[in-house]
Amino acid sequence: MSKIYCVLKNLSLSFGPKNIFQNAQLSINQGERIGIIGRNGEGKSSLLKIICGELSPDSTTPTFSFDKAKGTNSVEDEFSVILIPQELILEESQDFDLDDIFYRFYPEIKDLKKRIEAINKKIETNPSSEEAISKLGLLMEEVENLKVHELEQKFYSYMKYFGFIDSKRKWKSLSGGEQRKILLSVGLSTNRNI
């Protein structure tokens, strides 16, 4: 029997007079490949935003419920989701290199790398600091648990597959199609289950 990642029940959503969902239900099981198909304005993005927690459904009776899997054996067992937008909207003054785009979707990895860098600087100035060495060991365990190297390797492999060698290229220098390929690289490299 396959593991259930999430179950949504009694999902209702409307925007003004337009009903998008009315008492809808959805369950997603481990190993399933799901496509969400519909015309513009039919609720595809809204459903994904509800699953990601970026949008709340309408209050209804019976009440909306959203059950998510809790990890028992590994991180892969736990409900986790990533939402990759069709376009990444940046303010006029913002521009990022392609490495930074990856870390926008994984802020926990970016934070972890900053903490490792800070600990490494402490160790450089005081190589015998047992406290710093111990902290570094704990951070490296976190790197292993999050599978940071695997994620980065997959991302760069997909970028290379799509013809991007220079990860220091600026986001705004890319065409719309090239930007979508980078976002697709992020989505394909994820270890999230939805």
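The values are calculated or read from the model by the stated rules, or taken from the named source; none is laboratory data. Quick caveat, the model's predicted, so the values are computed rather than measured. Note: ideal-geometry Cβ built from the backbone for every residue, glycine included; neighbour counts use all protein chains shown. In case anyone asks, the SASA skips ligands and DNA or RNA and just uses the protein heavy atoms, side chains included. Shrake-Rupley method; radii C 1.70, N 1.55, O 1.52, S 1.80 Å.
Tabulated data
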| read-out | value |
| --- | --- |
| Angle between the chain longest axis and helix 130-146 axis [Cα atoms, degrees, rounded to 10] | 40 degrees |
| Degrees, to the nearest 10: 107-125 long Cα axis against longest axis of the chain | 10 degrees |
| Sites residue 3 and residue 114, calculated FRET efficiency, Cβ-Cβ separation with R0 45 Å, nearest 0.05 | 0.85 |
| Dipole in debye (nearest 20) - the chain, about Cα centre, beta carbon charges: Lys, Arg +1; Asp, Glu -1 | 560 debye |
| Cα-derived Rg over Rh, computed across the chain with Rh taken as Kirkwood radius | 1.04 |
| Amide H within-cut-off set for residue 96, under 5 Å, with H built and near neighbours excluded | 171, 172 |
| Centroid-to-centroid separation of the range 19-48 and the range 80-115 [C-alpha atoms, Å] | 25 Å |
| Interchain or long-range residues, amide H under 5 Å from residue 29's placed H | 5 |
| Rounded if a/c under 1.5, otherwise prolate or oblate - the range 88-166, Cα gyration tensor axes | prolate |
| Helix 176-189 vs. the chain, principal-axis angle (Cα, 0 to 90°, nearest 10) | 80 degrees |
| Backbone HN-Hα couplings from phi across the range 79-87 [Karplus 6.51/-1.76/1.60, Hz, Gly and Pro as x] | 4, 8, 9, 9, 10, 9, x, 5, 9 |
| Local net charge near residue 112, Cβ-Cβ under 13 Å (Lys/Arg +1, Asp/Glu -1) | -1 |
| In sequence order, calculated HN-Hα J values of the range 22-34 (Karplus, 6.51, -1.76, 1.60; Hz; x Gly/Pro) | 9, 6, 6, 9, 7, 10, 10, 9, 4, x, 6, 10, 10 |
| Accessible heavy-atom area order of 58, 99, highest first, probe of 1.4 Å | 58, 99 |
| Carbon/sulfur fraction of accessible area - the range 3-69, other protein chains in place, 1.4 Å, % | 47 percent |
| Accessible area in square angstrom per residue, the chain, 1.4 angstrom probe | 65 Å² |
| Gain upon complete extension [residue 174, residue 99; 0.36 nm per residue less C-alpha separation] | 25.6 nm |
| Dipole magnitude of the range 102-142 about its Cα centre (Cβ charges: Lys, Arg +1; Asp, Glu -1), debye to nearest 20 | 260 debye |
| Pairs from 121/160; 122/147; 113/168; 9/44; 49/168; 121/154 whose Cα-Cα separation, in the structure shown, is over 20 Å | 121/160; 122/147; 49/168; 121/154 |
